[in-house]
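*Asks:* This is the structure I have questions about; it appears just below.
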Amino acid sequence: MPRSTTTGSRPRRTHISFHYTCPYAQTCSRSFRNKAGLTSHIRSQHRANFSSALQDRDSSAAQSTSDSSSENIDGAEISNCNNHRVSISPGVSNRDSPVPVNESSTETQADGAHEPQKIRRVFHPHLDGKPCNAKGEYLPEKSPPPARAHPAMNDWSPFRDRVEFETAELLYKRSQMPAGEINALLDLWAASLLQYNGHPPFADHRDLYATIDSTTLGGTKWDSFELQYSGELPVSGETPEWMTKHYEVVFRDVRELAREMLANPDYHTEMDSAPFREFDANGERRFEDFMSGDWSWQQADRIAQDPNTHGAMFVPWIMGSDKTTVSVATGQNEYYPLYGSIGNVRNGVRRAHRDALVLIGFLAIPKTDKKHASDARFRKFRRQLFHTSLSQILQSLKPGMSTPEVALCSDGHYRRVIYGLGPYIADYPEQALLACIVQGWCPK
């Protein structure tokens, strides 16, 4: 229980520090004030390791009883020691193996089953995601991945220490505090440290923003380009505004986004490096994750017609967009976000808000008045603007769609990857726009 002090007639509580540290210190530096917060964090952010810990607990419980000096909470063994650190032994089950073995089948355990269920997996014979070195040379079977270069635990660059980092995260990301209020808070912080000749973490909001912008780890930079109507203008009469307007498209490099997701160590047990077909004990086909579908296999067949791609890892891009109105009362403001994900990560990762679904960019929204809305030239320009924007955004993927390139994967191995364009998720109006057909008409 927290201690308390008395000020006047009302008792005051003493601040509670963070006692519970995340056990996965190599990839996470979060700390918590209580066990409930730590357990919730492990379940949401380290789901694969948490599931493996549960399986290890269930298998060991059948052989021996747990030590009376430890407390078992939700599959995490929490030792009753003074530093209150949690000890979980991460494990990898057969089902979570990210690298397809050379055999054409595997066995796994069905979720929630008490006895192992025989699951047979047949991996693609050519695009099977073989590990290689940084030069693209294939490695012998069962070769261990190279050691990852982890930064020092006290390295918070470009922040000077952990307090600066967590202050920036709180003010900028979690609270999204306005610049004026950041300055006011830092002034109060500075006033409280005057007697100690100390200083707050940041001088003002500009110092905070500049430090965040100087971060070099993660975060693909934003870029933009402009498009404009290049057809003939009316010789006489009024020229519609959409013909002379410049349309800005803001985006991020999809190739860099794909490489970031491929190299994310948090996905090392939840990523498939080859298309596969999965069968249960009765020989029935099972469909669960994207790479288990027919489309991935068929695309791999087409790519494998080039012998140079054999042994590569097929990385399909899944994209989607949906025009969204964000403000009605203040001017009908609309955004046109474009999202994307790679098909190799499993569905649970994509649904769990673990950065496997990323914002690629914002598309332009051409508008005109009612008089010109039905103009055939405007409708054609709207389609061309949409398709040209997508083409420009995806340009960085084009070389890697025919020639494999070496990329670091989540398990620490390098692989020769070849990109592809997968499904596009959109509502009916956007489907008609993508297919260049008239809404309500038969596409045939």
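*Asks:* Using a 10 Å cut-off on Cβ atoms, rank the peptides 421-433, 365-377 from the highest mean neighbour count down. Please report the intermediate quantities before stating the final value.
*Replies:* On the way: 421-433: 14.8, 365-377: 11.8.
The peptides rank, most packed first, as 421-433, 365-377.
*Asks:* Okay, moving on. Once the other residues with Cβ under 15 Å from the Cβ of residue 402 are scored (Lys, Arg +1; Asp, Glu -1), what is the net sum?
*Replies:* Summing Lys and Arg as +1 and Asp and Glu as -1 gives +2.
*Asks:* So if R0 is 41 Å, what FRET efficiency would residue 226 and residue 284 give, r being the distance between their Cβ atoms, rounded to the nearest 0.05? Intermediate results must be reported in sequence, preceding the final value.
*Replies:* Details: r = 53 Å, r/R0 = 1.29.
With a Förster radius of 41 Å, E is 0.20.
*Asks:* Going through the range 156-201, which trypsin sites (Lys or Arg not before Pro) have at most 16 other Cβ atoms within 10 Å and a DSSP loop state? Provide the component values of the computation, followed by the final result.
*Replies:* On the way: sites: 160, 162, 173, 174; in loops: 160.
The qualifying sites are 160.
*Asks:* Using alpha carbons only, how many angstrom separate the centre of the range 175-196 from the centre of the range 233-281?
*Replies:* Between the Cα centres of the range 175-196 and the range 233-281 lies a distance of 40 Å.
*Asks:* Residue 372 to residue 324: extension gain in nm, 0.36 nm per residue of separation minus the Cα-Cα distance?
*Replies:* Between residue 372 and residue 324, full extension yields an extra 15.0 nm.
*Asks:* Residue separation times 0.36 nm, minus the C-alpha to C-alpha distance between residue 439 and residue 339: what's the value?
*Replies:* Once the chain is fully extended between residue 439 and residue 339, it gains 33.7 nm.
*Asks:* What FRET efficiency would be calculated for the residue pair residue 213, residue 301, taking the C-beta separation as r and a Förster radius of 56 Å, to the nearest 0.05?
*Replies:* 0.80
*Asks:* Stretch residue 174-residue 28 to full length: gain in nm at 0.36 nm per residue minus the Cα-Cα span?
*Replies:* 50.8 nm
*Asks:* Given R₀ = 45 Å, FRET efficiency for residue 294-residue 380 by Cβ-Cβ distance, to 0.05?
*Replies:* That pair, residue 294 with residue 380, gives E of 0.80.
*Asks:* Quote the accessible area belonging to residue 189 in square angstrom, nearest 10, computed with a 1.4 Å probe and with ligands, DNA and RNA left uncounted.
*Replies:* 80
The values are calculated or read from the model by the stated rules, or taken from the named source; none is laboratory data. Everything numeric in this text was worked out from a predicted model, so none of it was measured. Every residue, glycine as well, gets a Cβ built from its backbone with ideal geometry; the counts of neighbours run over all protein chains shown. Only protein heavy atoms, including side chains, enter the accessible area calculation; ligands, DNA and RNA are left aside. Shrake-Rupley method; radii C 1.70, N 1.55, O 1.52, S 1.80 Å.
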